[in-house]
Structures are given as C-alpha cells and as structure tokens.
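Undergrad: Have a look at this one.
The values are calculated or read from the model by the stated rules, or taken from the named source; none is laboratory data. Here the structure is a predicted model, which is why all the values come from computation and not from measurement. With ideal geometry, Cβ positions are generated from the backbone for all residues, glycine too; neighbour counts draw on all protein chains shown.
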Amino acid sequence: MPVIDPRVFDVYVVACGFLGEAAVFALGDGALRVVLGEMDLTVQAHDGGLLAARFAADGRSILTSGDDGRVVRTDAMGAAETLFEKKGKWLDQLAEGPQGAIATAAGRTAWVRLADGTVKEFAHDKAVGGVAFLPKGLRLAVATTDKAMLHWVNASGAPVDLPWKGAHTGVTASPDGRFLVTTMQEPALHGWRIDDMKHMRMTGYPQKVKSISWSAKGRFLATAGANAAILWPFFSKDGPMGKAPLELGPRDRIVSAVACHPSEDVVAIGFDDGMIMAVRFGDSAEVLLRQADGAPISALAWDAAGVRIAFGAESGAAGVVDIRR
Amino acid sequence: MTSPVSSAIPVTVLTGYLGAGKTTLLNRILSEDHGKKYAVIVNEFGEVGIDNDLVVDTDEEIFEMNNGCICCTVRGDLIRILEGLMKRKGRFDAVIIETTGLADPAPVAQTFFMDDDVRAKTRLDAIVTVVDAKNLLARIDDSPEAEDQVAFADVILLNKIDLVSAEEKDRVRAEILAINPEARIVETERCAVDLGEVLDRGAFDLDRILLVEPEFLKSDHHHHDESVKSISLEAGDMQPEPFFAWINQATQEQGPNIRRMKGIIAFENDPERYVVQGVHMIVEGDHQREWKPGEERRTRLVFIGRDLDFAALKAGFDACRAA
C-alpha cells in the first residue's frame, strides 16, 4: 500500500489540494492548513465558517468563501487577500473563470468580480444552487430552480435559459465548453448540449451527487452518490446520450468523493467509510490507498504531476498519499 | 467512531402566527444561562431583534420533488444552510429554525424525512408553536396556516394567558385539542417557560401518545368545523406484514389530508417497540427500545389532519391486529 502522511485536524475538511509542493486543507472553521513535511502553517482565512473552496487553475492560490461574507485568495506562503465582501451573506458557492474572474453566490443572487475589481450582480427569482464559468468567453452558468442559465458577464445580451424541471443544486461546464451539467436535489444529474439544448438525463443514483470531477481532456465526468464511481462518457459528439457509464470500484458503501487523475485515465475514489482507492478506467484495476476508518471522505485531490493525493474527511482526519513510494 | 444517531444535531422548529410571541421566546432561549449554544435560522422577513453570533438569514425556498407528488416539498434553503452548519460542528449544540408567521410547516418537517443528508446529520427534536390566547380563534377562522401550525405542533405555547378570562382560555384549549389532541399545551405569559419544556424533548415527545386520552373521545363538544381532524387508533399486538402494507397504502391514499402521523407499534413476537412517524405521504419507522418488564404491550397510532376517513382507517388498522 502507498505511504500516507496522516494529519488530524478535528474539523470538517471542506476541500484540499496542492499549491506547488505544499498540501492545503480548507477547514470548516475558516482555517487553511498548509503542510509540507515538518511545515504546518495555519491561516485563518475566514472569521467564521468556510463554506466553499476552489484551487486556482494556475496552481498558485486557493479561493475560499465563508459565512463571514468574504471571498479570500490565499497563496502558498499564507498571504491572504479579500477579493469580495457582502456583509451578512453566506457565500456558499464559488467558481474561478477565465481572465481572472471569480463568481460567488448567496441566496438568490450571484456576483462576478472581474480581475480589475469591477463587480456585476445577477439576481434570480429562485435560489442559486451553483455557479460555474464556461471555459471560453466570459459566460456565467447558474443552477437554479427548474432551469440552468447562461449569463453574459460583460455583454448586455439576454441570459439563455436551459429549462429542466426540478431543483438544480450545482453546475459544471465540460472543459471543451460543449456541455453543461447540473447536480439536482433528486439523486440525478441533468445535462444539456449547449449548441442545440439537447437533454441528457443521468439517473439511477441511490443518493444525491455531491462530488464530481472531469477526467483528463474532459473525456469522462466522474461522479459520487452511488456504490461505485459512476463515469459518464463525454468524448463523443452526443456526450453520454444512449451510452452506459463506467462503474468503477464497486463496494457495499457509498462513494462520497471523486477526483480524476490530471493526465491518466485513473480516478481516486473516496467512500463514506473513509476508504480510498484508485481505479484505472480501461481494466477497472484497483489500488487500495487508505483503509476505512468510519468517517466519510469529504475532499480528495491530485497534485499537478499526478503522483500525490490529498484527502480529508468529515471527522477532520486528513493526509497525503504518495503513490511513488 | 461515533454512530450517526448519537452525533445527530437536535433541531427545534419554532412556528407561530405574527405577533404570537415567537421572537420573545427565541430571545429567551438565547439569553438564558443554560450553557448551550444554538445556531438560529431566521427568515429575513421575520420579526427582528435577535442577539446571537450564529444567526443565519434565509429566504424560504420550497423545492418540489420531481416525483409527481404534490405533498413532497422540502425547504431547499434549509438543506443548504444545515449542510453549511454541519461543517462547523462543535461550535453549537443545537439548531433552532424560526419560520415566518405565514409558513406552512409541512415542507420544513418533510425536509427532515426526505433529504438524506439532513436526515443523517440532524434530528427533528420538536415542532413548537407559539399561539396567542387572545387571538387564536379568530386566526384559525381566517387563515389555514394558523390551523396548520397547531396541527403540526408537538408543543404548543399558549401565550398571553394573562389577557384572557378562564372561560376564553378553556375555549382556546378545546379548539387546540380538537385540531391536535396529542400536543402538549404549556400556558405562558410573555413566553416565560422552563426551557426544558420546549427544548431537547427527543423523539417528537413520542411517548406521550401512549399516555394521552384523546380529548374528543371524552367530551362531546362540537366545533363549527365538523371535518375529522384527528384519529387515534389502539390495539394490542399487530402483524407486521399486513401493517406495513396497510400504512403505506393508507398514507398514499389519504396523504394530502394527513398532516402528521405518529405511533408506537407492538408487533407480535417482537421484543422491541416500533415507532412510526410521518408527514403527508412520507412514513418512516424504526425500532426504538425493548418493551420494559411489566410494560403493557399497547399499539397506538394517531393521525392528525383534515377530512380524514375514520371508518376506512379504522377498518384497515383493525385488519392488521394479531389474532
């Protein structure tokens, strides 16, 4: 079994990842822990709970939002900068977009902050369940009740509605920008091909899908919420329409977190009993990375080189797995 | 490693019509020295003046489930906020949700049955409804929400008791019991109540239903609204298979008219008490504990709702009795 460098934080791990060589853990009490060997740095990013976190695409900083109404960018040295503030709001949605834009949301309102500090506000009739950017241009995707929406951030064009009945609680765009996928209050995903609004229903989950991850080049969308990682194929023109998904690492427990390898066809799978394994797409070969300890895995991420995996659990158990050793 | 049951955070839902005294009660809970910390979820349009460092404002957001059942609504905003609060476990001991005066309690209660995450991590401790002794009868006449709030309650704070005569008070009590004979009524002035009567009640005050004699069986008072609002069914041992088949069918058929259902069931050859509870069409059950030595093995099932078909429910229930 690969070597684990274990950490104990005693606080819910909201997200984890890497800034350069250092592993970073975003904790429910508003703190970030930056660890590398003997180094263990604590940055109190939020005055209160930390609700969402995203690692910047350039791998140099982490964005977090919290119930203190702030979005904060923190780098590997622990330097923190407040990018956005809405006092009294629970900012529980977060996305990073092209051209240094960030998006966040609370209740029925979404905000985009551009690199120059300009803030654009997007009001909705119903709660904003999730925000994401399309990879090109500056378009904000929003999940809300009975539809997803695409807003133009800079242009004044009317937003595009992508209707589908039900409460949409999260949203992601495929890396090539052709597909939009939402997670729902029901145990299902819904997708649209943006060009022609063609629908994709992705159902059959026993539980809500709360963790998703695009594989290298966006070939598959890996999802939690079932007793195996469910990977929907997106490499063909029609996406997953009419195709069966891969089911990797089947067990009698529910998958609570997934993270695809940055370059290989491999997915790391965290279960609701704390077990973690890595599974190869082609032959379903499994490697056990961590034994079960009873606490659900809540965060999982590869480093850029694809040789280390950071993980965190609801119990605060965390660590880094090095698969080279 | 802790089991989900023992670590589940208790949640108290506080309802009541505008002006009944909800905020007074809330402030009392938050200011009294009881050594406990509460996270409080309030509505932006609710009454103001709450002093606590863990207050969350929310907009009511009703999610309809996509399964074609009109009863199956949950509060999306609560799911989201409770999910956020669970990341800060340890900062607080319990959660209080204050609803607006006009809120239908059903989606709030259903959230605790229907959402997997909420169900795994929290426990609906009790629905507490504050009513104004002076104005309740008028409110029930002119707004269905006021009646719903009484029907859903585990505990009713009959507040402003100093403002009514003994006679008026009796009329209000009779009306409350006609709607919800299982509720525990606590009389208060300015919501002055021993908080132990309101908080951490556990299991929906479920044991009470074995103790209470339904008021409508004892008295012959008649209210202007003749529709059947509550039904209490009793038996000894029951047969499990017919019972589960019947309760599922009955709640599907009468679900829209059932506000709440709760019961303790003695199944034949089963040493443990089985408890069931439900909201509209949703039913949930589990073993609770062993019957104690000397404890009478008695089945009691209560439906609270409107226009309930008493004959059908009783016939179906009786058909499940053990020989």
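Undergrad: For B:Met65, which of the numbered conditions (1) of a type outside the set (Asp, Glu); (2) under 16 Å from B:Val279 (Cα atoms); (3) more than 11 Å from every other protein chain (Cβ to nearest Cβ) fails to hold?
TA: (3)
Undergrad: Does B:Ala146 qualify as being assigned to a loop (DSSP other than H, G, I, E, B) and either within 20 Å of the chain's Cα centre (by Cα) or surrounded by 19 or more Cβ atoms within 10 Å (Cβ to Cβ) (or both)?
TA: Details: assigned to a loop (DSSP other than H, G, I, E, B): no; either within 20 Å of the chain's Cα centre (by Cα) or surrounded by 19 or more Cβ atoms within 10 Å (Cβ to Cβ) (or both): yes.
Spelling it out, it is not the case that B:Ala146 is assigned to a loop (DSSP other than H, G, I, E, B) and either within 20 Å of the chain's Cα centre (by Cα) or surrounded by 19 or more Cβ atoms within 10 Å (Cβ to Cβ) (or both).
Undergrad: Which of the residues that make up the stretch B:232-286 are out of contact with any helix residue (DSSP H, G or I) (no Cβ under 8 Å at 6 or more places or on another chain) and of a type in the set (S, T, N, Q)?
TA: B:Gln239, B:Asn248, B:Thr251, B:Gln252, B:Asn257, B:Asn269 - these are the residues of the stretch B:232-286 that are out of contact with any helix residue (DSSP H, G or I) (no Cβ under 8 Å at 6 or more places or on another chain) and of a type in the set (S, T, N, Q).
Undergrad: Then there's this: Could you grab me the full set of residues in the stretch A:200-213 that are in contact with a strand residue (DSSP E or B) (Cβ under 6 Å, 6 or more places away or on another chain) and either in a strand (DSSP E or B) or among the basic types (Lys, Arg) (or both)?
TA: Step one: filter the stretch A:200-213 for residues in contact with a strand residue (DSSP E or B) (Cβ under 6 Å, 6 or more places away or on another chain), giving A:200, A:202, A:209, A:211-213.
Listed by number, the residues that qualify are A:Met200, A:Met202, A:Ile212, A:Ser213.
Undergrad: Could you tell me whether any residue of the stretch A:278-296 is more than 14 Å from chain B (Cβ to nearest Cβ) and under 15 Å from the mean Cα position of the chain (by Cα)?
TA: Taking the stretch A:278-296 first, the residues more than 14 Å from chain B (Cβ to nearest Cβ) are A:278-290.
The next check asks that each one be under 15 Å from the mean Cα position of the chain (by Cα); those that pass are none.
Scanning the stretch A:278-296, I find no residue that is more than 14 Å from chain B (Cβ to nearest Cβ) and under 15 Å from the mean Cα position of the chain (by Cα), so the answer is no.
Undergrad: Still on this structure, I have one more. Within the stretch A:48-89, take every residue that is part of a strand (DSSP E or B) and among the charged types (D, E, K, R) and give me the one that is surrounded by the fewest Cβ atoms within 10 Å (Cβ to Cβ).
TA: Here is the first cut: in the stretch A:48-89, the ones part of a strand (DSSP E or B) are A:50-55, A:61-66, A:70-75, A:80-85.
Checking the rest, the ones that are also among the charged types (D, E, K, R) come to A:54, A:70, A:73, A:75, A:81, A:85.
On the way: A:Arg54: 19, A:Arg70: 23, A:Arg73: 19, A:Asp75: 17, A:Glu81: 10, A:Glu85: 13.
Checked the stretch A:48-89; the qualifying residue surrounded by the fewest Cβ atoms within 10 Å (Cβ to Cβ) is A:Glu81.
Undergrad: For the subset of the stretch B:288-309 comprising residues that are loosely packed, with under 13 Cβ neighbours inside 10 Å and in contact with a strand residue (DSSP E or B) (Cβ under 9 Å, 6 or more places away or on another chain), which member is nearest to B:Gly236 (Cα to Cα)?
TA: This residue is B:Glu295.
Undergrad: Report yes if some residue within the stretch A:212-222 is within 13 Å of chain B (Cβ to nearest Cβ) and surrounded by fewer than 20 Cβ atoms within 10 Å (Cβ to Cβ); otherwise report no.
TA: Of the stretch A:212-222, the ones within 13 Å of chain B (Cβ to nearest Cβ) are none.
Scanning the stretch A:212-222, I find no residue that is within 13 Å of chain B (Cβ to nearest Cβ) and surrounded by fewer than 20 Cβ atoms within 10 Å (Cβ to Cβ), so the answer is no.
Undergrad: Another question, if that's okay. Looking at the stretch B:238-258, which of the residues that are under 30 Å from B:Glu64 (Cα atoms) and in contact with an Asp or Glu (Cβ under 7 Å, 6 or more places away or on another chain) is surrounded by the fewest Cβ atoms within 10 Å (Cβ to Cβ)? Don't jump to the end; show me each part of the working.
TA: Taking the stretch B:238-258 first, the residues under 30 Å from B:Glu64 (Cα atoms) are B:243-258.
Imposing the further condition that a residue be in contact with an Asp or Glu (Cβ under 7 Å, 6 or more places away or on another chain) reduces the set to B:254, B:257.
On the way: B:Gln254: 19, B:Asn257: 16.
Checking each candidate, the answer is B:Asn257.
Undergrad: Got at least one residue in the stretch A:45-53 being more than 14 Å from chain B (Cβ to nearest Cβ) and among the charged types (D, E, K, R)?
TA: No, the stretch A:45-53 contains no residue that is more than 14 Å from chain B (Cβ to nearest Cβ) and among the charged types (D, E, K, R).
Undergrad: Quick one: A:Thr169 ticks every box in (1) within 14 Å of another protein chain (Cβ to nearest Cβ); (2) surrounded by 18 or more Cβ atoms within 10 Å (Cβ to Cβ); (3) in contact with a Pro (Cβ under 6 Å, 6 or more places away or on another chain) bar one, so which box is it?
TA: With respect to (1) within 14 Å of another protein chain (Cβ to nearest Cβ); (2) surrounded by 18 or more Cβ atoms within 10 Å (Cβ to Cβ); (3) in contact with a Pro (Cβ under 6 Å, 6 or more places away or on another chain), A:Thr169 is out only on (3).
Undergrad: Considering (1) free of Cβ contacts under 8 Å to residues at least 24 places away in the same chain; (2) within 14 Å of chain A (Cβ to nearest Cβ), say which one B:Glu167 fails and leave the rest.
TA: (2)
Undergrad: For the stretch A:216-223, indicate whether the set of residues that are of a type in the set (S, T, N, Q) and either modelled with pLDDT under 95 or not in a strand (DSSP E or B) (or both) is non-empty. Write out each step before concluding.
TA: Just the residues of the stretch A:216-223 that are of a type in the set (S, T, N, Q), to begin with: A:223.
Now narrow it down to the ones that are either modelled with pLDDT under 95 or not in a strand (DSSP E or B) (or both): none.
No: the stretch A:216-223 contains no residue that is of a type in the set (S, T, N, Q) and either modelled with pLDDT under 95 or not in a strand (DSSP E or B) (or both).
Per-residue answers, yes or no, for (1) over 19 Å from the mean Cα position of the chain (by Cα); (2) within 14 Å of chain B (Cβ to nearest Cβ):
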| site | (1), (2) |
| --- | --- |
| A:Gly97 | no, no |
| A:Asp116 | yes, no |
| A:Thr145 | yes, yes |
| A:Pro163 | yes, yes |
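Undergrad: Oh, and also: So, of the residues in the stretch A:186-199 that are in a loop (DSSP other than H, G, I, E, B) and in contact (Cβ under 8 Å) with a residue 24 or more places away in the chain, which turns out to be surrounded by the most Cβ atoms within 10 Å (Cβ to Cβ)? Even if it seems obvious, please write down each step before you answer.
TA: Start the filter on the stretch A:186-199 by keeping residues that are in a loop (DSSP other than H, G, I, E, B), which leaves A:186-188, A:194-197.
Applying the additional criterion that residues be in contact (Cβ under 8 Å) with a residue 24 or more places away in the chain yields A:187, A:194, A:197.
Numbers: A:Pro187: 16, A:Ile194: 20, A:Met197: 13.
Within the stretch A:186-199, the match that is surrounded by the most Cβ atoms within 10 Å (Cβ to Cβ) is A:Ile194.
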